[in-house]
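Asker: Supplied in structure tokens, the structure appears directly below.
The values are calculated or read from the model by the stated rules, or taken from the named source; none is laboratory data. Here the structure is a predicted model, which means the values were calculated and not measured. Ideal geometry is used to build each Cβ from the backbone, glycine not excepted, and the neighbour counts take in all protein chains shown.
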Amino acid sequence: MTSQSKFWVGALIVSAVAIGALVANRTRLEMARPEMLSAPVEPPAPAPEVAAVPERAPRIVEPMTTDVMAVLAVVAKPLLQPGTDVTMAAEGFPTRESFVATAYAARNLDIPFVVLKDRVLTGRQSLAAAIRQSKPGVNAKAEADRAIAEAKADIARYRIG
């Protein structure tokens, strides 16, 4: 007998055993609860209504006029990599302060700005959590507080917005 023939014989035996088990189970079910087999199937009762979970409120992004962007560029340009477009870098941040604080944290800790920006905006992490994930060995809370304080000072100094 060839190996292919042996395979098909084995497949037939397995199929026969499986069919036998199905028939035995059906017979056992009919003997145990015959009313279940003949009873009409009723649709399940409707699930009770659950109050909809409110979606997160959309982030309100402060409008940045060209004057504000010009001043913001003066503040943020030295914090970012050379050649970075400040307008694009600031895009998506809910406030000027969060943008400048993220830039300060990136510079202070030598973390790429785009990494922190992605974690803060896309990952919806706090600045401290983004720092902690990027540099586990530092005191993330203290570094975030430091960056926020520096950002607030610059915004107040240049009267941005």
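Asker: Taking the stretch 117-145 as the region of interest, how many residues are within 24 Å of residue 158 (Cα to Cα) and surrounded by 18 or more Cβ atoms within 10 Å (Cβ to Cβ)?
Answerer: Here the count works out to 4.
Asker: For the subset of the stretch 99-115 comprising residues that are touching a helix residue (DSSP H, G or I) at 6+ places or on another chain (Cβ under 7 Å) and not aliphatic (A, V, I, L, M), which member is surrounded by the most Cβ atoms within 10 Å (Cβ to Cβ)?
Answerer: Among residues in the stretch 99-115 that are touching a helix residue (DSSP H, G or I) at 6+ places or on another chain (Cβ under 7 Å) and not aliphatic (A, V, I, L, M), the one surrounded by the most Cβ atoms within 10 Å (Cβ to Cβ) is 102.
Asker: Now for a separate question. Which condition from (1) modelled with pLDDT of 95 or more; (2) surrounded by 15 or more Cβ atoms within 10 Å (Cβ to Cβ); (3) hydrophobic (A, V, I, L, M, F, W, C) is the one that residue 76 breaks?
Answerer: (1)
Asker: Tell me, which helices (runs of 4 or more DSSP H) lie completely within the stretch 81-161 with 3 or more residues that are among the aliphatic types (A, V, I, L, M) and under 17 Å from the mean Cα position of the chain (by Cα)?
Answerer: In the stretch 81-161, the matching helices (runs of 4 or more DSSP H) lie at 113-117, 127-134.
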